[in-house]
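What follows is a short report on a single structure.
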Amino acid sequence: MLHSFDSLEHEILEEQIRLCEIAAPTGSERLRADYVAAAFETLGFRTRRDDVGNVIARHPNSTGQPVVLSAHLDTVFGPDQAVVVARPGERNPYRSHEVVAEGEFHAPGITDAAAGLAAMLAIAGTLADTPAAAHLLFLATVGEEGRGDLRGARHFFDSEPGRSARAFITIDHSDPAAIVHRGIGSRRYNVSYRSSGGHSWAHFGRYNPAFALAAAADRLGDIRTPRSPRTTYNVGVVRGGETVNAIPELAQMDIDLRSESHSQLEQLDSDLQEIIRFGHQKEMRRRGAGAEEPLVTQIGDRPAGVTPIESDLVQAAVRALEAETFQPRLIAASTDANAAIAAGVPGIAISWGGRSDNQHSVREWFNPNDRSRSLRVIARLLIDLAQSSPGRPPD
């Protein structure tokens, strides 16, 4: 049964391509959710949507506290990004001077999240007629990326199915040998510097939000963070102004703070708040006329957390990887598993397999070579956990 993934590779790949070409920006996942729900129903699972749009699928014979296998529906790309998968030998529409290499498939979102969804559907189909199926719940979440801030996973773990889950596994990274058992916490802010604006010549001397923003961003860039626990920051989006010869009324930046440690994240957050004030005050000392107070809006808050190495879930994942001759590595990342861990449910993220790179970029690509090994890892893990389900009847 586990080796059926090899013979199904072409079908799985075509499913992945179909999924990729259904646009699913964060907050607009409905069409892709419709497709995923229909695919689960074709496999014999009962599906429903919850209040935020997650797709929840269970076997008709489901029983007890489920083990959850998840993948997210949304991509980082906006509604204006056209998505057509470029196949080997074709001209790459995202890099027009290139021809797609043998074995590769190029498109925004071809791995993140199409590979995870395709893997979940393939595993559901393979396990549908096994005793393990009754102990599983399949979940396609909305709002994992960016400003979605794990909306779908958070909602799931606030509901009865989430609260009763025994374990949570999300398919959401590219390293076939890695188990994400540490959830990287993050805080995200939109910072807006504001003024009355004016003409660059006639009103020179008024508060300029762009200079305040630049001063703050430069100060943030000087922060030294520890390597362990790893802690990072980023200015990811900068916007504002209308034209070159006008003092802008608004200058904004979106800032991402991350750490494996809750205490380090708190310290970095505190430092950022001081830096935001520093940028404002520095520009006030130079040019105060027309100034307004900066506006700071939190746009994301992902909790940090750990599923212990000695937990049943992590140890079962290690066994499954070793059974497929991988050498397991334990790493940290920010995924839907953060929401599980924060809710007190053991959670990990595992790989969709194959080879891939440039996620979150129009240069994203995927090569399905050796993907079946990773699918067998996930199936082995689910079977292992299902066999240890409380109250499981004999096969």
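Just so you know, all these numbers are worked out from the coordinates, no wet-lab data involved. Keep in mind the model is a prediction, meaning the values are calculated, not measured. Cβ sites come from the backbone with ideal geometry, for glycine too, and all protein chains shown count toward neighbours.
Are there any GluC sites (Glu not before Pro) in the range 21-118 that are in a DSSP loop and have at most 11 other Cβ atoms within 10 Å? List them by number.
Taking the range 21-118 and a limit of 11 other Cβ atoms within 10 Å, the loop GluC sites (Glu not before Pro) found are Glu102.
Between Thr75 and residues 5 or more places away or on another chain, which pairs have amide H atoms under 5 Å apart, with H built 1.01 Å from N, and which residues are they?
Ala24, Thr26
Run lengths n ≥ 4 of DSSP H only: what is the helix-derived mean residue ellipticity at 222 nm for the chain, with -39500 (n - 2.57) per run over all residues, to the nearest 500?
Computed mean residue ellipticity for the chain: -10000 deg cm²/dmol.
When the Cα centres of the range 233-251 and the range 31-67 are compared, how far apart do they sit, in Å?
If we compute the Cα centre of each part, the gap is 44 Å.
Antiparallel DSSP bridges in the chain: what percent, to the nearest 5?
In the chain, approximately 70 percent of DSSP beta bridges are antiparallel ones.
How large is the charge dipole for the range 186-302, taken about the Cα centre, if only the Cβ atoms of Lys, Arg (+1) and Asp, Glu (-1) carry charge, to the nearest 20 debye?
Using only the charged Cβ atoms, the result is roughly 240 debye.
Using the crude model of +1 on Lys and Arg Cβ and -1 on Asp and Glu Cβ, and no other charge, please compute the dipole size for the range 31-176 relative to its Cα centre, in debye to 20.
400 debye
With r defined as the distance between the Cβ atoms of Val84 and Phe204 and R0 fixed at 35 Å, what FRET efficiency is calculated, to the nearest 0.05?
The formula returns an efficiency of 0.10 here.
Pick out, in residue order, every one of the GluC sites (Glu not before Pro) in the range 294-395 that is DSSP loop and has at most 15 other C-beta atoms within 10 Å; say none if there are none.
Here the GluC sites (Glu not before Pro) that fit, given the DSSP loop and packing criteria, are Glu310.
Can you list the trypsin sites (Lys or Arg not before Pro) in the range 200-255 that are in a DSSP coil and have 11 or fewer other beta carbons within 10 angstrom?
Those satisfying the criteria are Arg224, Arg227.
Helix 9-20 sits at what angle to the longest principal axis of the chain, using alpha carbons and giving 0 to 90 degrees rounded to 10?
That helix lies at roughly 30 degrees to the long axis.
Quick query: amide H of Glu98 versus all other amide H atoms, modeled in the peptide plane; which residues come in under 5 Å with a sequence gap of 5 or more or a different chain?
Asn92
Tell me the net charge near Leu137. Cut-off is 13 Å between Cβ atoms, Leu137 excluded, with +1 for each Lys or Arg and -1 for each Asp or Glu.
+3
For the range 48-148, with the dipole built from +1 on Lys and Arg beta-carbon atoms and -1 on Asp and Glu ones, taken about the Cα centre, which of Phe105, Ala115, Thr63 lies farthest toward the positive end?
Thr63
What ranking do 250-258, 331-339 get when scored by the average of other Cβ atoms within 10 Å per residue, highest first?
331-339, 250-258
Would you mind pulling out the separation of the Cα centroids of the range 129-207 and the range 346-380, in Å?
Each part's Cα centre sits 19 Å from the other's.
Using amide H atoms built in the peptide plane, which far-off residues or other-chain residues are under 5 Å from Ile179 H to H?
Arg329, Leu330, Ile331
Is there a quick way to get the dipole size of the chain? I mean about its Cα centre, with the Cβ of Lys and Arg at +1 and of Asp and Glu at -1; what is the value in debye to the nearest 20?
The calculation lands at about 900 debye.
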